[in-house]
Structure formats: structure tokens, C-alpha cells
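Shown below is the structure under consideration.
The values are calculated or read from the model by the stated rules, or taken from the named source; none is laboratory data. Because the structure is a prediction, the values reported are computed rather than measured. Cβ: placed from backbone, ideal geometry, glycine included. Neighbour counts: every protein chain shown.
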């Protein structure tokens, strides 16, 4: 039988800390709940601390694949993972013919977890460090960008005489003139739009990781959003979602905001398809790529475009910089025999 060690005697709290302890006996957490929280594994704490739902979902899928591959059953088994396990997993991912970018993302998710475990002294080292990542195939993004005539057609595709048409015109204008992500657009409230500024109205955009940026509003967007709010009747409700779902408008129910999925299916795809705009990755992100590409082609500074898009790394912005790959400028068309 293992030898039992006597419990440590209670250590008196420092006087300054003691002053913070309430004299009454009431507490929100029960003693059992307090003990349960103190025993939450570091792995669970790391996952709960990820802000973005999209990142959390992606990391969950990536780590689930590693757990299935290694057969890990308990959180403590993470402490037994070595670089050999990670290398074997990388080989398995390569056998699945996954893209280099996908494998890099999966390894990054696993590395992030072990970095946290190291910081919490739950493991002695990060076994993902030193594992070579696949090279990025290209600096050119796979998301297509519309031509200027195509973007102009899309902006006027929704009908201008219906409430839904006015809403959809406003949404497409925000996507094409400001390069917003779907989630950023859906997070806008009435009070975030057209905030006064000495240089003209701006909108407050809540980006990834809770980062906020303030963007000047394009005149076309200001006009189209104004027409929608006037028709919808909630322009004075500052805490309402800026873009309401059609069902809430029809049922006269207040404050029913759109979802990113609704922006994709009810707006972008709905008006793209009749214009013949279809294909791989042809969705809301293509409008973000279109906005960035158009800005860069019209001599916008790439560092300003990075801030405008809310990119943490300028290399992400360079993916949208297609100026060096434009067909008319290609050496192919400079040859004249």
C-alpha cells in the first residue's frame, strides 16, 4: 500500500489578502464546485480560452484527428506524446493527400495546445517544435476575385423596390466596398454604423480576437444602408442588429439578426448564380478578396489595406495582391516574334 502523507497544515493568509476575504459565510461557488474547478485539466482550460468560435471549432476537429490517430483516452496521456508521435501523424496526413496549408494548420493547432501545457508546467516540452511543416504551395490565394464589371453587376442585382432587396443591396455594398468578413457584418449593430467623425462617418467593426477597427464609410454604402434602415424602421434602435432576417421583418418581431450562413445563402449565392458567378470558393470571401484586390490595384498602400482588412500579419494581405500576376502584365504577352 502506498504510504500516505499527512495533510499540510493550514497556512494563515497574509494580512492584506485576509482583508479581501468577506466576513460573511455566503459564497457563489459551493465547496464542491470550487474543488472541481481546481481540478480542471490544463488541456480543457486551453480550449475554453479560445475566443473565436470558428477557431475553436477548427482546433477541435484538428485535435480530434490527432487523438483518434494516437488512441489517447485521457488528458494525462498528452504528457506521454513525443516528437515521434507527431511525425507519424504528419506522415498519415500526407497519405490522405491533404494540402500543405491544411497540414500546417493541424500541426499549428497541436503546437498551440502543447505550448500552453508547457506554460502551465503540465508537460516538460513541446513535441511539435522542430517538426518540419509542409511548404506553402503559393503566395497567391485560392479565393477568386471578381472583375470590376462583375462587382458592379452584383451591386445592383437585388431589386431596389422591396425591403429584402434594399437589405441585400446594403449587405453587398458593405462586403464589396469594405471587405468585411461575414461574421463581422452580422455583428454590426445600428449604433456601430455611421458614427460621426471629423473626416466623415465611420463604422465600428468587431474583428477576430475582439479587435476593433473603425472604417470610413463609402458613399454608396451610406446611401444603401440608409435606404434599408428607413424601410425597415429600426434606424432609431441603436442596440438592434443592423441587418435583420426577413422572417423577423415579416412577423414584425424586433431584433432578429442575420447569421453568417444566411448572408452566404440568402444574399451572396442568391445573386451570384444568375450572373453566372459560380465555382470553387466563390462565396462571401470572394467579395472580400475583390475589395482588397481593387484597393491594391488602385494604388492603396498594402500596410493600410492590412489594417483595413483586420489582418494580424501582412503576409495574409499579400495573398490578395494580384498586381504581379495580372495577365496583361505577364511576360507571355510581351513576346512578339
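So which residues in the stretch 108-128 are under 26 Å from residue 319 (Cβ atoms) and out of contact with any helix residue (DSSP H, G or I) (no Cβ under 7 Å at 6 or more places or on another chain)?
Listed by number, the residues that qualify are 108, 111, 112, 115.
For the stretch 207-286, list the helices (runs of 4 or more DSSP H) that sit wholly inside it and hold at least 3 residues that are within 26 Å of residue 195 (Cα to Cα); which are they? Walk me through it before giving the result.
Numbers: elements: 219-232, 246-250, 269-272.
Filter on the stretch 207-286 gives 219-232, 246-250.
Count, please, the residues in the stretch 246-275 that happen to be at pLDDT below 90 and over 21 Å from residue 179 (Cα atoms).
11
Given the condition surrounded by 20 or more Cβ atoms within 10 Å (Cβ to Cβ), in the same structural domain as residue 165 (by TED's automatic domain parsing) and without any contact (Cβ under 8 Å) to a residue 24 or more places away in the chain, answer yes or no: does some residue in the stretch 302-318 qualify?
Within the stretch 302-318, one or more residues are surrounded by 20 or more Cβ atoms within 10 Å (Cβ to Cβ), in the same structural domain as residue 165 (by TED's automatic domain parsing) and without any contact (Cβ under 8 Å) to a residue 24 or more places away in the chain.
I'm trying to understand the selection: among the residues of the stretch 155-175, which are within 17 Å of residue 284 (Cβ to Cβ) and either crowded, with 24+ Cβ neighbours inside 10 Å or free of Cβ contacts under 8 Å to residues at least 60 places away in the same chain (or both)?
Passing the criteria: 167, 168, 169, 170, 171, 172, 173, 174, 175.
Still on this structure, please answer the following. With respect to the numbered conditions (1) buried (at least 16 other Cβ atoms within 10 Å of the Cβ); (2) part of a loop (DSSP other than H, G, I, E, B); (3) over 26 Å from the mean Cα position of the chain (by Cα), which one is the sole condition not fulfilled by residue 121?
Checking residue 121 against (1) buried (at least 16 other Cβ atoms within 10 Å of the Cβ); (2) part of a loop (DSSP other than H, G, I, E, B); (3) over 26 Å from the mean Cα position of the chain (by Cα), the one that fails is (1).
Condition test on residue 172, is it within 21 Å of residue 146 (Cβ to Cβ), within 24 Å of the chain's Cα centre (by Cα) and assigned by TED's automatic domain parsing to the domain that holds residue 302? Reasoning before the result, please.
Numbers: within 21 Å of residue 146 (Cβ to Cβ): yes; within 24 Å of the chain's Cα centre (by Cα): yes; assigned by TED's automatic domain parsing to the domain that holds residue 302: yes.
Yes.
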